[in-house]
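Structure, as structure tokens:
The values are calculated or read from the model by the stated rules, or taken from the named source; none is laboratory data. Predicted model only: the values in this text are computed from it and were never measured. Heads up, the Cβs are rebuilt from the backbone with ideal geometry, glycines too, and the neighbour counts pull from every protein chain shown.
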Number of protein chains: 2
Amino acid sequence: MRRSRQRDAILSVVKSTDCHPTADWVYHEARRRIPGLSLGTVYRNLKVLCELGWVRCYEGPGGVSRFDGAVATHHHFRCDRCGEMQDVDAPVDASLDRQVADRTGLDVRYHVLEFRGLCEGCRLERRRSSGSEVEDQH
Amino acid sequence: MRRSRQRDAILSVVKSTDCHPTADWVYHEARRRIPGLSLGTVYRNLKVLCELGWVRCYEGPGGVSRFDGAVATHHHFRCDRCGEMQDVDAPVDASLDRQVADRTGLDVRYHVLEFRGLCEGCRLERRRSSGSEVEDQH
DNA sequence: AGACATACTAATAACGGTTACCATTATTGA
DNA sequence: TCAATAATGGTAACCGTTATTAGTATGTCT
């Protein structure tokens, strides 16, 4: 695998934030350093970096992926309204995978635990705009 | 809200399987009863049924949603290769939400726990086609 | 340094699941 | 029965992502 300014920039952008950016966010941020950068290049390299294990990818509502430079297993909170993710320090129980594998016979490699609700901003936003809106399920 | 043959059929299809079908699968299945059924109608009603809480929706890789007629909280195994889901009888810890809420101040409503790996079929498939393929991360 | 092989890029078109639109149809309450 | 209007079918638009392709940059070998 060869090296490129573009890939370096993309990796550095993802590693330098904990906001769990979308591909589009990474694109705009990296373009500040490399103005001619193409969106396709961002997608291609994010995929490569995931396969290499340098970054992690979390797929979410609307088919939008979010990326994370923190590759150690940890859990997240995700907002049901805007889709933003943030880290959460819930305990990581690696033995869960083994337990489920033993009980089911499935080839369990890892698990994803995501807490859901409304983030601060969206809670305020919703309260302001309409107190009588459709309640979300769950 | 009015009633319609179409919505009845769609709900009944989702409720009558535990295969966690995609919208497309529901569409083809429901068309066996209502030949003129439109795909848009399936999507529109699945969304309504989710909002009513009659079915659950799990978004996954590739922007593909899967639906579940079992609305009681439970966890799943999802295949990294084909995306199929199946139920898993891992314990549901409702107190987790409270714990994370207390620790973070976030408005945690629920959580999603998904075990990942390769399903039976994909494991065989992968072994057959190539023993020297790229290993997946995690 | 120069030249070669080829991985990588930029630009753009295609793709696939989902949603929006709108004229027509079907359900419901009076 | 009949009017009001929610729901449908058909189709086009949407949007994040992926594929294509001609051209560029990188690493290697001499």
### Task
Please go through region A:33-68 and pick out each residue that is within 9 Å of another protein chain (Cβ to nearest Cβ) and either more than 18 Å from B:GLY60 (Cβ to Cβ) or away from DNA strand D (no atom under 11 Å from the Cβ) (or both).
A:GLU51, A:LEU52, A:GLY53, A:ARG56
### Message
Tell me which helices (runs of 4 or more DSSP H) are completely within region A:35-135 and hold 1 or more residues being surrounded by 19 or more Cβ atoms within 10 Å (Cβ to Cβ), or say none if there are none.
### Response
A:39-52, A:95-104
### Message
Condition (residue is without any contact (Cβ under 8 Å) to a residue 60 or more places away in the chain and in contact with a Pro (Cβ under 6 Å, 6 or more places away or on another chain)) applied to region A:44-61: is it met by at least one residue?
### Response
yes
### Subset of region A:91-123 [among the hydrophobic types (A, V, I, L, M, F, W, C) and either at pLDDT 95 or above or in the same structural domain as A:ALA23 (by TED's automatic domain parsing) (or both)]
A:VAL92, A:LEU96, A:VAL100, A:ALA101, A:LEU106, A:VAL108, A:VAL112, A:LEU113, A:PHE115, A:LEU118, A:CYS119
## Note on the structure
Picking from A:ARG78, A:ARG66, the residue that is under 30 Å from B:TRP54 (Cα atoms) and in the same structural domain as A:GLN6 (by TED's automatic domain parsing) would be A:ARG66
